[in-house]
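Visitor: Just passing along the structure, written as structure tokens.
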Amino acid sequence: MAPKVGIPQALTYHYRSSRIIERFLREAGAEVIRSPKTTPEIHAAATTLGSADFCLSLRMLIGHVHYLVTQHPDLDFLLVPYLCSEDGEKTTTCSKYRDAGGVALRSLTTTLDYLMQHSPEGARRAAATTFRTAGVTPPLGGRFPVLLQPYIWSLRRDVFGVSPAARVGERLVPQSLQRFLTPHLRRCVAPFNTAYDAVMRRDTRLLDRFLADERAVRVAMICREYLVGEPLLTADLKAWFMKAGARVITPADVPAEDLLPGPQAPWAFYDTHRHFDALVEFLTPHVDGFIFAGSFGCHPDAFILDLLLDRVRQRGIPAWIFKYDEQVGSAGFQTRYETIMRLLEQRRDRRVAGELQIPAAQSLPVASVSAATDARRASTLVTNPAAEEHRVPLITWPFMSDHIELIVQELVTQAGLTPFVLPPTTASDVTLGLGSDTFTDSCCPYAFSVGSFIETLQTYFQTHSDGPARRIVALTARGEGPCSFGLYLLGHARDVPAAFGDVFRRGGHTLEFLSVGLSDVTRFIQELAELGNRKRLAPIVDYLRKSEDGTLDRLPAWRRLAEGRRLWATLAELLAPARAKLTALEAIRSKALIVRPHERIPGATTDIYRGSIRGLAGAHTVETVHETRDQALAELAAVSQDGEIRPRVAVVGEIYVVQASFANRGVIDNLLALRRRGGGRHDALLRD
């Protein structure tokens with residue numbers, strides 16, 4: 001009997017890889033059940049069963065999975081791909097696309113019950129015995145089909161299809177014996193090729209029709225396909241404009257590989273970012289306006305859509321942005337749609353009459369990328385670049401936490417950069433206020449990081465108003481994975497210079513952002529070496545350069561060994577104090593978290609902890625770091641304690657929010673050691 005496979009028509013389904021798998025399963029003889037487009041019932045289940053912390057798309061997936069497992073209880077399998085990339089790791093999908101099926105499973109049933117349902121009989125009996133012995137009754141959930149989560153890293157036929165190992169020697173097998181010796185030809189290869197060719201076939205007719213009709217209002221809708229393809233989620237966004245007579249084009253209509261890279265391609269690692277960027281550039285001369293659509297809780301889109309919206313508007317093209325959540329009501333949105341349509345019709349009339357001139361494409365208003373390397377280096381030069389050598393370097397970075405601050409300061413010290421360093425100010429309400437003007441729908445670390453840059457530089461210029469012209473180098477990191485952190489450079493390069501335009505012009509200063517990711521470590525270190533202790537950093541730069549250009553591979557084995565030993569000796573000497581500081585601060589912080597809830601004198605623990613940070617900041621050898629650590633631990637051990645038993649609370653979160661006290665509103669450093677009014681000592685517990 002053919003297996004019965006359920007496929008939720010949400011989230012990952014809108015990628016070609018998922019549709020290839022669906023078509024392949026049908027061609028191979030499986031019975032495929034696909035959920036419908038989002039209905040009010042699916043929508044209600046999604047918003048009820050999905051966590052409020054999930055983005056709209058992830059909640060809708062839960063609703064679609066709920067529909068399949070309740071309406072089709074006889075499903076054998078449920079397919080939700082673990083979708084990482086479709087272009088061979090050049091870009092990555094949103095982090096929520098990883099384990100989306102697992103999120104749906106845990107929202108609808110219990111993991112333990114699911115494992116009990118689908119484990120081998122022997123494993124189930126052994127687990128049942130263990131539970132009985134422990135006196136534990138496993139929680140029961142509803143029946144859930146076997147979850148299929150194939151990893152997707154590429155759409156290349158040879159990678160995505162049947163593995164080459166399974167096809168070795170198949171041409172030598174006579175046709176009469178193929179069903180016995182190469183069954184994969186009939187069962188897998190032929191169905192896959194049919195499915196692959198059907199889904200990957202490119203159809204340019206829609207784009208041709210879009211560009212052919214000069215008199216029609218042309219609208220580009222830049223958004224993820226799950227939004228534009230779901231009328232219930234967007235108050236009929238696409239359908240409304242099409243019914244009103246507009247020609248509508250979306251990213252789903254133009255494959256990314258058919259577009260030239262956009263101006264932000266050197267920075268873009270999200271697949272949607274690269275696709276949207278290229279499509280905006282392609283469509284700018286041809287459309288009457290852009291509509292950008294996103295959903296609340298989607299942090300990548302909060303950056304990408306705002307950046308593209310600003311670019312389009314700066315070129316004089318009408319553009320609007322809509323953010324949708326589960327509370328969409330059609331009346332209010334469609335009133336705005338009507339207004340937009342009238343404006344677009346006026347724009348269309350001017351285009352047809354030949355009255356419009358579109359400015360040339362630009363990257364970012366304040367940033368440029370060196371085409372010579374893959375290094376992500378955004379620069380703002382507001383005076384004559386030829387005078388760059390006369391500017392004194394000034395290196396700064398955003399405050400992220402006590403831990404990161406100590407490490408970065410020690411690294412720049414060891415690299416000989418201390419005379420040029422401007423340490424950031426500690427995060428505060430001022431920092432947050434300065435960084436909250438843009439990207440308000442994105443995650444708070446962006447506000448803290450850009451606010452930290454602005455606050456630090458403001459403080460510097462207030463005390464050095466008549467100082468020399470400075471070459472300001474802002475250090476940051478670039479995530480090349482799914483986290484929004486990798487997008488921050490784009491916002492920093494736009495927002496920080498905008499806050500200091502007049503100051504830079506009057507003082508002759510320049511500002512550049514130097515970021516390090518996974519692909520440009522050599523360039524990053526080379527540029528720091530030019531500013532600091534070149535002799536000390538030379539072995540690292542030399543080794544990385546030889547490794548990149550192939551020189552290292554051509555050396556004799558003994559020379560490669562010698563080069564490696566020289567590199568590691570340099571790294572060990574350079575990193576040893578910073579590593580010692582990290583482990584020392586971890587030990588001090590761990591001890592402080594235990595001591596603070598029991599201190600008899602409120603604030604005693606925090607005073608010691610802050611003093612230890614100051615002591616570690618001034619220690620630049622492993623020996624002095626250890627001395628500072630031992631002294632701080634001894635002082636913490638001497639803090640007067642009440643000896644009472646306290647509840648233990650585990651705080652889990654991302655590194656920045658957990659470590660930076662102001663970012664988490666003092667939850668770790670203060671809330672867990674509050675004193676009740678008029679009462680005794682109590683730990684404050686975190687409640688929903």
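The values are calculated or read from the model by the stated rules, or taken from the named source; none is laboratory data. Note that the structure is a prediction, hence the values are computed from the model and not measured. No Cβ is skipped: glycine too gets one built from the backbone with ideal geometry, and neighbour counts run over all protein chains shown. These area figures cover heavy atoms from the full protein model, side chains too; ligands, DNA and RNA do not enter into them. Shrake-Rupley method; radii C 1.70, N 1.55, O 1.52, S 1.80 Å.
Visitor: Can you order the peptides 64-77, 335-348 by their average number of other Cβ atoms within 10 Å per residue, highest first?
Guide: Ranking the peptides 64-77, 335-348 by packing returns 64-77, 335-348.
Visitor: If you don't mind, there's one more thing I want to ask. Within a Cβ distance under 13 Å of I407, other residues only, what is the Lys/Arg minus Asp/Glu net charge?
Guide: Value of the local net charge: -2.
Visitor: All other residues with a Cβ under 10 Å from the Cβ of E563 taken together, and with Lys, Arg as +1 and Asp, Glu as -1, what is their net charge?
Guide: +4
Visitor: What percent of all Cα-Cα pairs in the stretch 91-137 falls into each 5 Å bin, going from 0 up to the bin containing the maximum distance?
Guide: That works out to 5, 18, 19, 17, 13, 12, 8, 5, 3, 1, in percent per bin.
Visitor: A further question follows. How do 572-583, 446-457 rank on mean C-beta neighbours within 10 Å, highest first?
Guide: Descending packing order for the listed peptides: 446-457, 572-583.
Visitor: I need the peptides 458-471, 92-105 ranked by packing, meaning the mean over residues of other C-beta atoms within 10 angstrom, with the highest value on top.
Guide: 92-105, 458-471
Visitor: Once the other residues with Cβ under 13 Å from the Cβ of P73 are scored (Lys, Arg +1; Asp, Glu -1), what is the net sum?
Guide: Neighbourhood net charge equals 0.
Visitor: What list of ³J(HN,Hα) couplings, whole Hz, do you get for the stretch 555-570 from phi and the Karplus terms 6.51, -1.76, 1.60, once you set θ to phi - 60° and write x for glycine and proline?
Guide: 7, x, 4, 5, 5, 5, 4, 5, 5, x, 5, 5, 5, 5, 5, 5
Visitor: At 1.4 Å probe radius, can you tell me the per residue accessible area of the stretch 272-311 in Å²?
Guide: 18
Visitor: With a 1.4 Å probe and all protein chains left in place, how much accessible area per residue does the stretch 569-638 have, in Å²?
Guide: I get 50 Å² per residue for the stretch 569-638.
Visitor: Given Cα pairs under 8 Å that are at least 6 residues apart, what percent is the relative contact order of the stretch 271-330?
Guide: 40
Visitor: Quick one: Debye curve from the alpha-carbon atoms of the stretch 194-319 only, equal weights, vacuum; give me log10 I(q)/I(0) at q = 0.16 Å⁻¹ to two decimals.
Guide: -0.82
Visitor: Kindly report the accessible area of the stretch 1-138 per residue (heavy atoms of protein chains, probe 1.4 Å, no ligands, DNA or RNA), in Å².
Guide: Per-residue value: 44 Å².
Visitor: Near the amide H of Y270, under 5 Å away, which other amide H atoms are found, from residues 5 or more places off or on another chain, if H is placed in the peptide plane?
Guide: Those lying under 5 Å, H to H, from Y270 are T92.
Visitor: For the stretch 34-132, what % of the accessible area comes from carbon and sulfur atoms, probe 1.4 Å?
Guide: 55
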